[in-house]
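A quick write-up on the structure given underneath.
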Amino acid sequence: MVLNRRKNSGVEVEEDGHGGGRGYTEDGTVDLRGNPILRSKRGGWRACSFVVVYEVFERMAYYGISSNLVIYLTKKLRQGTVTSSNNVTNWVGTIWMTPILGAYFADAVLGRYWTFIICAAIYLSGMCLLTLSVSLPGLKPPSCDSGTDCKKVSTLQLAVFFGALYTLAIGTGGTKPNISTIGADQFDDFDPKEKAQKLSFFNWWMFSIFFGTLFANTVLVYIQDNVGWSLGHKVPTGSPFTKMARVILVAVKKWKVPLPTDPKQLYELDPTEYSKKGKYRIDSTPTLRFLNKACVRTEDITIPWMLCPVTEVEETKQILRMIPILIATIVPSTMIAQISTLFVKQGTTLERKIGSFEIPPASLAGFVTLSMLICVVLYDRFFVKIMAKWTKNPRGITLLQRMGTGMVIHIIIMVVASLTDRYRLSVAKDHGVVESGNQVPLSIFVLLPQFVLMGMADSFLEVAKIEFFYDQAPESMKSLGTSYSMTSLGVGSFFSSFLLSTVSHLTMRNGHKGDQVLCIQG
């Protein structure tokens, strides 16, 4: 057996001669049977087209539900503003937190492919159950036109409806962290042409998300408001959590052990061990040096578990280094949660008619998507090329700079939203419609700037966030790394629920209804 060695950015790789020869991919990719793949037979854009199409329809389904869910909860299930908003953000939070479990099963148990297939089936079953819950007479809530003496929604109806929603959350957990990873894996990082295509893939993958979202926020929302709700609606590499816990615990246990001056004295597996698994061997780095103690050989160690290889330690470092970025993106994710809750409730209080046509409040979210679609195309086709000539960076600007730009726009959004809501409330008070609950004599399009800016911010922050977490995660923990982008959205949604409940509680102390919260949040 002939072994070929190569080094790339401090990563040393050993490959079998039959897998690293001319014509084969050079990034260690194998098929479902574990065999090396010819570059001519690698997925590329042809395979990615299936990923893109799936994402379009999945986003249609998700945003078709989430965009108008707060309206359904208030009008059909007759829940209050705060209760319905919290139920939406709690569900959205769960949607974006379950990918952590999906990443675990993909990386440690089933592999990405089978995790995706099984959870896609669960997602489909949740959609079917949700359709039944708003269609069958025994499961859908009783109609109530008068608004008084309405028949109470039964426990069974609530259980089936929310059970369907959280079944969708479980299905999402296994599909979201793997779908983008599967798509990105279709390109060979060691082929210059395919590497450039991968950089473009994340932009066009997000384009597919935005396209599906736009359809959901316009066509499906209109159908739900005006027609009916029933019509609207692979190789596991070991548990990443076990590896990380082991590295941290062993390093803590050896906290008194001095580190050798030469990193080559640290424990590492033979290169052939990594070659057999199609993995990379990573050199030791000086960052988070305390964790390097897990690789130090000591005479009194008799348990193999107490000695970690350098690559395992470096993989743990890569995951830990992403945590500050994860935390930094939670606040913008809290703002994103307002699109389907408070922003929609704002729209229900405003004038929505253009002639005889009445605009569904949730359809304004379509402007978020439309703005994202335009910005992503402009970014990929023009901004990157212009900035690359100046910065010499093939991405135009770094991923962190792109994320930072998105965060700045998010700050502007909440300032604009706060000022807009203050104006809305002042107009409502001037016309005496605060207590009566009648529509405020103000066009719904006054909300348009905050929706357009949100789309612009997402085209910078959300695209870069997904690519950053994928790019920085070690090969054996790609699904876990990708799940970080969903985790920030999940935590942000839960934080939105906490913030909404807290502000509502504080404002009720002063004799208010407790639902005038947006201007305080801003």
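The values are calculated or read from the model by the stated rules, or taken from the named source; none is laboratory data. As the structure is a computational prediction, the values presented were derived from the model and not from experiment. We place every Cβ from the backbone using ideal geometry, glycine too, and count neighbours over all the protein chains shown.
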Kindly check whether there is at least one residue in region 77-84 that is modelled with pLDDT of 80 or more, under 24 Å from Leu489 (Cβ atoms) and assigned to a helix (DSSP H, G or I). no
Considering Ser436, Ser459, which residue is among the polar types (S, T, N, Q), more than 29 Å from Ile325 (Cα to Cα) and at pLDDT below 90? Ser436
Among the residues of region 301-326, the number that are modelled with pLDDT of 90 or more and in contact with a Pro (Cβ under 6 Å, 6 or more places away or on another chain) is 0
With respect to Ile282, determine if the residue is assigned by TED's automatic domain parsing to the domain that holds Ile412, more than 23 Å from Ser66 (Cα to Cα) and surrounded by 16 or more Cβ atoms within 10 Å (Cβ to Cβ). no
Condition broken by Leu38, with the remaining ones in (1) modelled with pLDDT of 75 or more; (2) aliphatic (A, V, I, L, M); (3) surrounded by fewer than 22 Cβ atoms within 10 Å (Cβ to Cβ) satisfied: (1)
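Does Ser135 fit the bill of being in a loop (DSSP other than H, G, I, E, B) and polar (S, T, N, Q)? Give the derivation first.
Numbers: in a loop (DSSP other than H, G, I, E, B): yes; polar (S, T, N, Q): yes.
Yes.
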Scan region 280-300 and tell me whether some residue there is modelled with pLDDT of 85 or more, in a loop (DSSP other than H, G, I, E, B) and on the phi > 0 side of the Ramachandran plot. yes
Residues that are surrounded by fewer than 22 Cβ atoms within 10 Å (Cβ to Cβ), on the phi < 0 side of the Ramachandran plot and outside the structural domain of Gly93 (by TED's automatic domain parsing): does region 308-316 have at least one? yes
Among the numbered conditions (1) farther than 14 Å from Phe451 by Cβ; (2) part of a loop (DSSP other than H, G, I, E, B); (3) hydrophobic (A, V, I, L, M, F, W, C), tell me where Met403 comes up short. (2)
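For region 348-375, what are the residues that are in contact with an Asp or Glu (Cβ under 6 Å, 6 or more places away or on another chain) and either under 13 Å from Leu448 (Cα atoms) or in a helix (DSSP H, G or I) (or both)? So that I can check it myself, show each step before the final result.
In the first step, residues of region 348-375 are kept if they are in contact with an Asp or Glu (Cβ under 6 Å, 6 or more places away or on another chain); the result is 352, 360, 372.
Across region 348-375, the qualifying residues are Arg352, Met372.
Out of Phe187, Phe211, I need the residue that is modelled with pLDDT of 65 or more and part of a helix (DSSP H, G or I). Which one? Working first, answer last.
Values: Phe187 fails: part of a helix (DSSP H, G or I).
That would be Phe211, the only listed residue that is modelled with pLDDT of 65 or more and part of a helix (DSSP H, G or I).
Each row is one residue, and each column tells you yes or no for (1) farther than 30 Å from Lys193 by Cβ; (2) in contact with an Asp or Glu (Cβ under 8 Å, 6 or more places away or on another chain).
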| site | (1), (2) |
| --- | --- |
| Asn393 | no, no |
| Gly396 | no, no |
| Gln401 | no, no |
| Met407 | yes, no |
| His410 | yes, no |
| Arg424 | yes, no |
| Asn438 | yes, no |
| Ile444 | yes, yes |
Can you pull out the residues in region 248-279 that are within 14 Å of Cys308 (Cβ to Cβ) and either in the same structural domain as Glu475 (by TED's automatic domain parsing) or part of a loop (DSSP other than H, G, I, E, B) (or both)? Lys254, Val257, Leu259, Leu266, Tyr267, Glu268, Leu269
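Residues of region 253-288 being polar (S, T, N, Q) and more than 21 Å from Pro474 (Cα to Cα), which ones? Before you say what the answer is, go through the steps one by one.
Residues of region 253-288 polar (S, T, N, Q): 261, 265, 272, 275, 284-285, 287.
If the condition is that a residue be polar (S, T, N, Q) and more than 21 Å from Pro474 (Cα to Cα), then Thr261, Gln265 are the ones that fit.
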Note: among Tyr72, Tyr63, just one is surrounded by 21 or more Cβ atoms within 10 Å (Cβ to Cβ), at pLDDT 75 or above and under 24 Å from Ala159 (Cα atoms), namely Tyr72
